[in-house]
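First comes the structure, then the notes that go with it.
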Amino acid sequence: MVDYALETFDLTKIFESREDGVRRVVRAVDHVNIRVRRGEFFGLLGPNGAGKTTLIKMLCTIILPTEGTAKVNGYDIIHEPIKVRSSIGWFHGETGGRSLYWRLNAEDNLRFYAYLQNVSRDVAEKRIDALLEFFDLSRERKKLVKDYSTGMKVRVMLARALLHNPPILLMDEPTIGLDTVSAVETRNLLKALNRELGKTIIFTSHNMFEVEQLCERIAIMKSGRVVVDAAPSILRDMLRDIRAVEVEVRSVDNLSELIDMLSNLSIVRKVVDVKNDPIAVTVRLQVDDEYEAIPLIADRLHRLGVKVSSIRRSEPTLEDVFVRLARGESA
Ligand SMILES: Nc1ncnc2c1ncn2[C@@H]1O[C@H](COP(=O)(O)OP(=O)(O)OP(=O)(O)O)[C@@H](O)[C@H]1O
Ligand SMILES: [Mg+2]
(Lines give C-alpha, C1' and ligand atoms only; values in the text may rest on other atoms or scores of the structure.)
(Ligands and ions follow the chains in the order given, each with its own letter.)
Protein backbone atom coordinates (compact mmCIF):
# COMPACT_ATOMS: atom_id res chain seq x y z
CA MET A 1 0.00 0.00 0.00
CA VAL A 2 1.33 3.42 -0.94
CA ASP A 3 1.70 5.75 1.99
CA TYR A 4 0.38 9.11 0.82
CA ALA A 5 1.20 12.52 2.28
CA LEU A 6 -2.26 13.63 1.26
CA GLU A 7 -5.35 11.77 0.20
CA THR A 8 -8.81 13.33 -0.20
CA PHE A 9 -12.07 11.42 -0.29
CA ASP A 10 -14.90 13.26 -2.08
CA LEU A 11 -13.83 16.36 -0.22
CA THR A 12 -16.58 18.97 -0.53
CA LYS A 13 -17.30 22.43 0.84
CA ILE A 14 -20.58 24.19 0.19
CA PHE A 15 -21.02 27.80 1.29
CA GLU A 16 -24.52 29.08 1.81
CA SER A 17 -25.17 32.74 2.21
CA ARG A 18 -28.07 35.16 1.97
CA GLU A 19 -27.87 38.33 -0.07
CA ASP A 20 -30.90 40.65 -0.08
CA GLY A 21 -33.05 37.74 1.05
CA VAL A 22 -31.82 35.53 -1.82
CA ARG A 23 -30.17 32.26 -0.84
CA ARG A 24 -26.85 31.73 -2.57
CA VAL A 25 -25.21 28.32 -2.63
CA VAL A 26 -21.59 27.99 -3.75
CA ARG A 27 -19.99 24.62 -4.28
CA ALA A 28 -16.51 25.93 -3.55
CA VAL A 29 -14.98 22.43 -3.49
CA ASP A 30 -16.98 19.67 -5.11
CA HIS A 31 -16.12 16.00 -4.52
CA VAL A 32 -12.38 16.34 -4.93
CA ASN A 33 -10.29 13.16 -4.94
CA ILE A 34 -6.57 13.73 -5.10
CA ARG A 35 -3.54 11.86 -3.83
CA VAL A 36 -0.09 13.23 -3.24
CA ARG A 37 2.86 10.94 -2.63
CA ARG A 38 5.40 11.66 0.11
CA GLY A 39 8.14 13.92 -1.21
CA GLU A 40 6.09 15.00 -4.20
CA PHE A 41 5.88 18.59 -5.45
CA PHE A 42 2.23 18.99 -6.33
CA GLY A 43 0.66 22.04 -7.97
CA LEU A 44 -2.93 23.14 -7.77
CA LEU A 45 -3.86 25.53 -10.54
CA GLY A 46 -7.05 27.37 -11.22
CA PRO A 47 -8.61 30.74 -11.98
CA ASN A 48 -10.12 33.07 -9.35
CA GLY A 49 -12.84 31.37 -7.35
CA ALA A 50 -11.88 27.83 -8.47
CA GLY A 51 -11.76 26.62 -4.86
CA LYS A 52 -8.01 26.37 -4.27
CA THR A 53 -7.92 28.35 -1.02
CA THR A 54 -11.02 26.61 0.32
CA LEU A 55 -9.40 23.24 -0.36
CA ILE A 56 -6.17 24.27 1.36
CA LYS A 57 -8.10 25.67 4.34
CA MET A 58 -9.87 22.34 4.84
CA LEU A 59 -6.53 20.50 4.68
CA CYS A 60 -5.14 22.92 7.28
CA THR A 61 -8.20 22.25 9.50
CA ILE A 62 -9.14 25.95 9.43
CA ILE A 63 -12.59 25.10 8.07
CA LEU A 64 -14.57 21.85 8.17
CA PRO A 65 -15.74 20.02 5.05
CA THR A 66 -19.47 19.84 4.28
CA GLU A 67 -18.98 16.32 2.97
CA GLY A 68 -16.14 13.85 2.52
CA THR A 69 -12.80 14.00 4.30
CA ALA A 70 -9.04 13.89 3.78
CA LYS A 71 -5.98 12.36 5.33
CA VAL A 72 -2.92 14.50 5.79
CA ASN A 73 0.23 12.65 6.85
CA GLY A 74 -2.12 9.72 7.53
CA TYR A 75 -4.31 11.74 9.94
CA ASP A 76 -7.97 12.51 9.39
CA ILE A 77 -8.69 16.25 9.06
CA ILE A 78 -12.01 15.94 10.90
CA HIS A 79 -11.09 13.59 13.73
CA GLU A 80 -7.39 14.27 14.23
CA PRO A 81 -6.97 18.01 13.58
CA ILE A 82 -4.18 18.49 16.13
CA LYS A 83 -2.04 15.78 14.55
CA VAL A 84 -2.78 17.26 11.11
CA ARG A 85 -1.66 20.70 12.29
CA SER A 86 1.60 19.39 13.66
CA SER A 87 2.24 17.68 10.29
CA ILE A 88 1.87 20.77 8.13
CA GLY A 89 3.42 24.15 7.53
CA TRP A 90 0.99 26.62 6.09
CA PHE A 91 1.80 29.71 4.10
CA HIS A 92 -0.68 32.13 2.59
CA GLY A 93 0.93 34.49 0.10
CA GLU A 94 -1.86 37.03 0.02
CA THR A 95 -1.40 38.06 3.64
CA GLY A 96 2.09 39.23 2.60
CA GLY A 97 4.18 40.31 5.58
CA ARG A 98 1.10 41.23 7.56
CA SER A 99 1.17 38.20 9.80
CA LEU A 100 4.63 39.13 11.10
CA TYR A 101 5.30 41.63 13.86
CA TRP A 102 6.91 44.51 12.02
CA ARG A 103 8.38 46.07 15.16
CA LEU A 104 10.23 42.87 16.06
CA ASN A 105 13.31 41.53 14.33
CA ALA A 106 13.34 38.25 12.41
CA GLU A 107 14.63 36.05 15.22
CA ASP A 108 12.14 37.42 17.77
CA ASN A 109 9.28 36.88 15.34
CA LEU A 110 10.38 33.26 14.96
CA ARG A 111 10.83 32.85 18.74
CA PHE A 112 7.33 34.12 19.31
CA TYR A 113 5.79 31.70 16.80
CA ALA A 114 7.91 28.79 18.09
CA TYR A 115 6.49 29.51 21.55
CA LEU A 116 2.92 29.50 20.16
CA GLN A 117 3.62 26.16 18.51
CA ASN A 118 4.93 24.64 21.74
CA VAL A 119 8.43 24.07 20.38
CA SER A 120 10.74 23.77 23.40
CA ARG A 121 13.22 26.60 23.91
CA ASP A 122 16.39 24.63 23.14
CA VAL A 123 14.98 23.03 20.04
CA ALA A 124 13.53 26.38 18.92
CA GLU A 125 16.89 28.20 19.19
CA LYS A 126 18.67 25.53 17.12
CA ARG A 127 15.94 25.49 14.52
CA ILE A 128 15.77 29.27 14.28
CA ASP A 129 19.53 29.39 13.64
CA ALA A 130 19.26 26.70 10.96
CA LEU A 131 16.24 28.31 9.30
CA LEU A 132 17.77 31.79 9.26
CA GLU A 133 20.82 30.24 7.65
CA PHE A 134 18.77 28.27 5.12
CA PHE A 135 16.78 31.37 4.14
CA ASP A 136 19.90 33.52 4.01
CA LEU A 137 18.72 35.84 6.77
CA SER A 138 21.46 35.24 9.35
CA ARG A 139 23.17 38.58 8.78
CA GLU A 140 19.91 40.51 9.09
CA ARG A 141 18.39 38.54 11.95
CA LYS A 142 18.51 41.52 14.32
CA LYS A 143 16.99 43.97 11.85
CA LEU A 144 13.36 44.97 12.38
CA VAL A 145 10.99 43.24 9.97
CA LYS A 146 9.46 46.61 9.00
CA ASP A 147 12.79 47.44 7.33
CA TYR A 148 12.83 44.21 5.32
CA SER A 149 12.11 44.00 1.60
CA THR A 150 8.99 42.07 0.52
CA GLY A 151 11.18 39.13 -0.52
CA MET A 152 12.83 39.01 2.90
CA LYS A 153 9.46 39.12 4.67
CA VAL A 154 8.35 36.16 2.57
CA ARG A 155 11.49 34.30 3.63
CA VAL A 156 10.74 34.93 7.30
CA MET A 157 7.19 33.70 6.76
CA LEU A 158 8.47 30.55 5.08
CA ALA A 159 10.83 30.01 8.02
CA ARG A 160 7.89 30.49 10.35
CA ALA A 161 5.95 27.74 8.56
CA LEU A 162 8.87 25.36 9.20
CA LEU A 163 9.49 25.97 12.91
CA HIS A 164 7.87 22.73 14.06
CA ASN A 165 9.67 20.82 11.28
CA PRO A 166 6.55 19.59 9.46
CA PRO A 167 6.95 17.04 6.64
CA ILE A 168 4.23 18.67 4.50
CA LEU A 169 3.98 22.26 3.30
CA LEU A 170 0.73 23.79 2.06
CA MET A 171 1.52 26.96 0.16
CA ASP A 172 -1.35 29.12 -1.04
CA GLU A 173 -0.06 31.41 -3.80
CA PRO A 174 3.36 31.97 -2.23
CA THR A 175 4.51 34.21 -5.08
CA ILE A 176 1.44 36.44 -5.38
CA GLY A 177 2.29 40.15 -5.35
CA LEU A 178 6.05 39.53 -5.51
CA ASP A 179 8.29 41.27 -8.01
CA THR A 180 9.99 39.02 -10.56
CA VAL A 181 13.25 38.71 -8.65
CA SER A 182 11.55 37.78 -5.35
CA ALA A 183 9.24 35.36 -7.15
CA VAL A 184 12.23 33.54 -8.69
CA GLU A 185 13.95 33.48 -5.31
CA THR A 186 10.85 32.07 -3.59
CA ARG A 187 10.48 29.39 -6.27
CA ASN A 188 14.12 28.38 -5.79
CA LEU A 189 13.61 28.13 -2.04
CA LEU A 190 10.54 25.94 -2.50
CA LYS A 191 12.54 23.74 -4.84
CA ALA A 192 15.30 23.43 -2.24
CA LEU A 193 12.80 22.61 0.53
CA ASN A 194 11.50 19.81 -1.64
CA ARG A 195 14.77 18.45 -3.05
CA GLU A 196 17.16 19.05 -0.14
CA LEU A 197 14.90 18.68 2.88
CA GLY A 198 12.47 16.19 1.32
CA LYS A 199 9.34 18.20 2.13
CA THR A 200 6.12 17.32 0.38
CA ILE A 201 4.86 20.54 -1.16
CA ILE A 202 1.31 21.33 -2.19
CA PHE A 203 1.27 24.65 -3.89
CA THR A 204 -1.45 26.80 -5.50
CA SER A 205 -1.06 29.34 -8.26
CA HIS A 206 -2.73 31.11 -11.16
CA ASN A 207 0.45 30.94 -13.14
CA MET A 208 0.71 27.91 -15.36
CA PHE A 209 4.37 28.38 -16.21
CA GLU A 210 5.40 28.70 -12.58
CA VAL A 211 3.61 25.48 -11.71
CA GLU A 212 4.97 23.70 -14.75
CA GLN A 213 8.49 24.67 -13.78
CA LEU A 214 8.24 23.37 -10.22
CA CYS A 215 5.77 20.54 -10.04
CA GLU A 216 5.94 16.85 -10.72
CA ARG A 217 2.19 16.74 -10.99
CA ILE A 218 -0.47 19.32 -11.59
CA ALA A 219 -4.18 19.37 -10.82
CA ILE A 220 -6.32 22.01 -12.46
CA MET A 221 -9.43 23.11 -10.59
CA LYS A 222 -12.42 24.82 -12.04
CA SER A 223 -15.66 25.63 -10.21
CA GLY A 224 -14.70 23.40 -7.29
CA ARG A 225 -13.82 20.38 -9.38
CA VAL A 226 -10.53 18.89 -10.44
CA VAL A 227 -10.69 18.82 -14.23
CA VAL A 228 -7.15 17.63 -14.96
CA ASP A 229 -4.65 15.73 -12.82
CA ALA A 230 -1.53 15.07 -14.83
CA ALA A 231 2.23 15.39 -15.19
CA PRO A 232 3.47 18.70 -16.66
CA SER A 233 4.59 16.95 -19.84
CA ILE A 234 0.98 15.96 -20.54
CA LEU A 235 -0.18 19.49 -19.92
CA ARG A 236 2.53 20.77 -22.23
CA ASP A 237 1.25 18.45 -24.94
CA MET A 238 -2.20 19.91 -24.46
CA LEU A 239 -0.79 23.35 -25.04
CA ARG A 240 1.55 22.54 -27.88
CA ASP A 241 -0.86 23.22 -30.67
CA ILE A 242 -2.58 26.20 -29.10
CA ARG A 243 -1.94 29.33 -31.13
CA ALA A 244 -3.19 32.49 -29.53
CA VAL A 245 -3.36 36.14 -30.55
CA GLU A 246 -4.18 39.15 -28.40
CA VAL A 247 -5.84 42.14 -30.02
CA GLU A 248 -5.91 45.49 -28.22
CA VAL A 249 -8.05 48.29 -29.59
CA ARG A 250 -9.09 51.73 -28.36
CA SER A 251 -12.56 51.55 -26.80
CA VAL A 252 -15.20 50.73 -29.41
CA ASP A 253 -18.83 51.84 -29.74
CA ASN A 254 -20.16 48.44 -30.69
CA LEU A 255 -18.23 45.71 -28.91
CA SER A 256 -20.56 42.86 -29.84
CA GLU A 257 -20.22 43.73 -33.54
CA LEU A 258 -16.45 43.56 -33.16
CA ILE A 259 -16.58 40.21 -31.35
CA ASP A 260 -18.98 38.80 -33.97
CA MET A 261 -16.70 39.89 -36.78
CA LEU A 262 -13.67 38.27 -35.13
CA SER A 263 -15.53 35.05 -34.25
CA ASN A 264 -16.73 34.69 -37.83
CA LEU A 265 -13.28 34.81 -39.37
CA SER A 266 -12.46 31.31 -40.55
CA ILE A 267 -8.95 31.48 -39.09
CA VAL A 268 -10.32 32.18 -35.60
CA ARG A 269 -11.15 29.06 -33.62
CA LYS A 270 -12.49 30.70 -30.52
CA VAL A 271 -12.74 34.00 -28.66
CA VAL A 272 -11.23 33.03 -25.32
CA ASP A 273 -11.52 36.20 -23.30
CA VAL A 274 -12.64 39.82 -23.62
CA LYS A 275 -11.44 42.57 -21.28
CA ASN A 276 -13.35 45.79 -21.61
CA ASP A 277 -11.49 48.58 -19.80
CA PRO A 278 -12.39 52.26 -20.12
CA ILE A 279 -9.38 53.06 -22.30
CA ALA A 280 -8.87 49.79 -24.19
CA VAL A 281 -10.54 46.55 -25.17
CA THR A 282 -8.40 43.41 -25.21
CA VAL A 283 -9.63 40.33 -27.03
CA ARG A 284 -7.86 36.99 -26.76
CA LEU A 285 -8.35 34.56 -29.62
CA GLN A 286 -7.29 31.03 -30.40
CA VAL A 287 -6.37 30.82 -34.06
CA ASP A 288 -5.16 28.25 -36.57
CA ASP A 289 -2.02 30.13 -37.46
CA GLU A 290 -0.99 33.33 -35.69
CA TYR A 291 1.20 34.60 -38.54
CA GLU A 292 -1.69 34.41 -40.99
CA ALA A 293 -4.20 35.68 -38.46
CA ILE A 294 -2.39 38.87 -37.47
CA PRO A 295 -2.42 40.68 -40.89
CA LEU A 296 -5.93 39.45 -41.64
CA ILE A 297 -7.31 40.74 -38.34
CA ALA A 298 -5.46 44.03 -38.78
CA ASP A 299 -7.03 44.46 -42.22
CA ARG A 300 -10.59 43.70 -41.04
CA LEU A 301 -10.32 45.99 -38.03
CA HIS A 302 -8.99 48.77 -40.22
CA ARG A 303 -11.97 48.38 -42.56
CA LEU A 304 -14.34 48.55 -39.59
CA GLY A 305 -12.70 51.85 -38.62
CA VAL A 306 -11.48 50.46 -35.28
CA LYS A 307 -8.35 52.04 -33.82
CA VAL A 308 -5.88 49.20 -33.16
CA SER A 309 -3.19 49.60 -30.47
CA SER A 310 -1.58 46.19 -30.94
CA ILE A 311 -2.05 42.69 -32.32
CA ARG A 312 0.45 40.16 -31.13
CA ARG A 313 0.92 36.47 -30.70
CA SER A 314 0.59 35.33 -27.14
CA GLU A 315 1.79 32.40 -25.03
CA PRO A 316 -0.89 29.86 -24.17
CA THR A 317 -2.52 30.46 -20.77
CA LEU A 318 -4.73 28.58 -18.35
CA GLU A 319 -7.75 30.15 -20.03
CA ASP A 320 -6.80 28.44 -23.27
CA VAL A 321 -6.65 25.07 -21.54
CA PHE A 322 -10.05 25.65 -19.94
CA VAL A 323 -11.63 26.60 -23.24
CA ARG A 324 -10.20 23.44 -24.69
CA LEU A 325 -11.44 21.30 -21.79
CA ALA A 326 -14.88 22.91 -21.96
CA ARG A 327 -15.09 21.88 -25.60
CA GLY A 328 -14.47 18.32 -24.53
CA GLU A 329 -11.21 17.93 -26.41
CA SER A 330 -9.08 15.21 -24.97
CA ALA A 331 -5.99 15.83 -22.91
N1 LIG B 1 -16.49 32.14 3.53
C2 LIG B 1 -17.10 32.07 2.36
N3 LIG B 1 -18.44 32.27 2.24
C4 LIG B 1 -19.08 32.19 1.06
N5 LIG B 1 -18.46 31.90 -0.10
C6 LIG B 1 -17.13 31.68 -0.06
C7 LIG B 1 -16.38 31.77 1.15
N8 LIG B 1 -15.07 31.51 0.87
C9 LIG B 1 -15.01 31.29 -0.45
N10 LIG B 1 -16.22 31.39 -1.01
C11 LIG B 1 -16.57 31.17 -2.43
O12 LIG B 1 -16.07 29.90 -2.79
C13 LIG B 1 -15.54 29.90 -4.11
C14 LIG B 1 -14.10 29.42 -4.09
O15 LIG B 1 -13.29 30.42 -3.48
P16 LIG B 1 -11.73 30.22 -3.19
O17 LIG B 1 -11.28 31.42 -2.43
O18 LIG B 1 -11.52 28.89 -2.57
O19 LIG B 1 -11.14 30.22 -4.66
P20 LIG B 1 -9.61 30.34 -5.13
O21 LIG B 1 -9.41 29.30 -6.16
O22 LIG B 1 -8.71 30.34 -3.96
O23 LIG B 1 -9.60 31.77 -5.83
P24 LIG B 1 -8.38 32.84 -5.93
O25 LIG B 1 -7.56 32.40 -7.10
O26 LIG B 1 -9.09 34.13 -6.22
O27 LIG B 1 -7.64 32.86 -4.64
C28 LIG B 1 -15.73 31.32 -4.61
O29 LIG B 1 -16.92 31.36 -5.37
C30 LIG B 1 -15.85 32.14 -3.36
O31 LIG B 1 -16.64 33.28 -3.59
MG1 LIG C 1 -7.23 31.64 -3.24
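Six or more apart or on different chains, Cβ atoms under 7 Å: show the pairs whose first residue is in segment 38-57 and without any contact (Cβ under 8 Å) to a residue 24 or more places away in the chain and whose second is more than 7 Å from ligand 1 (Cβ to nearest atom). Final answer for the pair search is 57/63. If we keep just the residues of segment 218-237 that are out of contact with any helix residue (DSSP H, G or I) (no Cβ under 8 Å at 6 or more places or on another chain) and surrounded by fewer than 19 Cβ atoms within 10 Å (Cβ to Cβ), which is farthest from residue 4 (Cα to Cα)? This residue is 237.
Residues of segment 169-183 being surrounded by fewer than 21 Cβ atoms within 10 Å (Cβ to Cβ) and away from ligand 2 (no atom under 16 Å from the Cβ), which ones? Once the filter is applied, which keeps residues that are surrounded by fewer than 21 Cβ atoms within 10 Å (Cβ to Cβ) and away from ligand 2 (no atom under 16 Å from the Cβ), segment 169-183 yields 179, 180, 181, 182, 183. Taking (1) buried (at least 18 other Cβ atoms within 10 Å of the Cβ); (2) over 17 Å from residue 135 (Cα atoms) in turn, residue 166 satisfies each apart from (2). Of everything in segment 271-288, what is out of contact with any Asp or Glu (no Cβ under 9 Å at 6 or more places or on another chain) and surrounded by 12 or more Cβ atoms within 10 Å (Cβ to Cβ)? Give them in sequence order. Answer for segment 271-288, where residues must be out of contact with any Asp or Glu (no Cβ under 9 Å at 6 or more places or on another chain) and surrounded by 12 or more Cβ atoms within 10 Å (Cβ to Cβ): 271, 274, 287, 288. Taking segment 165-192 as the range and being part of a loop (DSSP other than H, G, I, E, B), within 16 Å of ligand 1 (Cβ to nearest atom) and at negative phi as the test, the residues that pass are 174, 175, 176, 178. With respect to the numbered conditions (1) of a type in the set (Lys, Arg); (2) part of a strand (DSSP E or B); (3) modelled with pLDDT under 90, which one is the sole condition not fulfilled by residue 71? Residue 71 satisfies all of (1) of a type in the set (Lys, Arg); (2) part of a strand (DSSP E or B); (3) modelled with pLDDT under 90 except (3). Screening segment 203-272 for strands (runs of 3 or more DSSP E) wholly inside it with 2 or more residues that are away from ligand 2 (no atom under 16 Å from the Cβ), in contact (Cβ under 8 Å) with a residue 24 or more places away in the chain and over 30 Å from residue 59 (Cβ atoms) returns the ranges 243-250. In segment 59-80, is there at least one residue being assigned by TED's automatic domain parsing to the domain that holds residue 133, within 16 Å of ligand 2 (Cβ to nearest atom), of a type in the set (Lys, Arg) and out of contact with any Cys (no Cβ under 8 Å at 6 or more places or on another chain)? No: zero hits.
Would you say residue 195 is more than 16 Å from ligand 1 (Cβ to nearest atom), of a type in the set (Lys, Arg) and free of Cβ contacts under 8 Å to residues at least 60 places away in the same chain? So residue 195 passes the test.
Taken over segment 132-149, the criterion of being surrounded by 14 or more Cβ atoms within 10 Å (Cβ to Cβ), in a helix (DSSP H, G or I), at pLDDT below 95 and under 28 Å from the mean Cα position of the chain (by Cα) is satisfied by 134, 145. Just one of the listed residues (45, 100) is at pLDDT below 95, buried (at least 18 other Cβ atoms within 10 Å of the Cβ) and under 30 Å from residue 147 (Cβ atoms), and it is 100. Scan segment 194-248 for residues that are within 13 Å of the chain's Cα centre (by Cα) and hydrophobic (A, V, I, L, M, F, W, C) and the total you get is 12. If the condition is being within 15 Å of ligand 1 (Cβ to nearest atom) and either without any contact (Cβ under 8 Å) to a residue 24 or more places away in the chain or within 19 Å of residue 171 (Cβ to Cβ) (or both), then segment 1-14 contributes 8, 11. Scanning segment 217-257 for residues that are of a type in the set (Gly, Ala, Ser) and either touching a Phe, Trp or Tyr at 6+ places or on another chain (Cβ under 8 Å) or at pLDDT 90 or above (or both) returns 219, 223, 224, 244, 256.
The values are calculated or read from the model by the stated rules, or taken from the named source; none is laboratory data. Here the structure is a predicted model, which means the values were calculated and not measured. Here the Cβ is made from the backbone with ideal geometry for all residues, glycine too, and neighbour counts use every protein chain on show.
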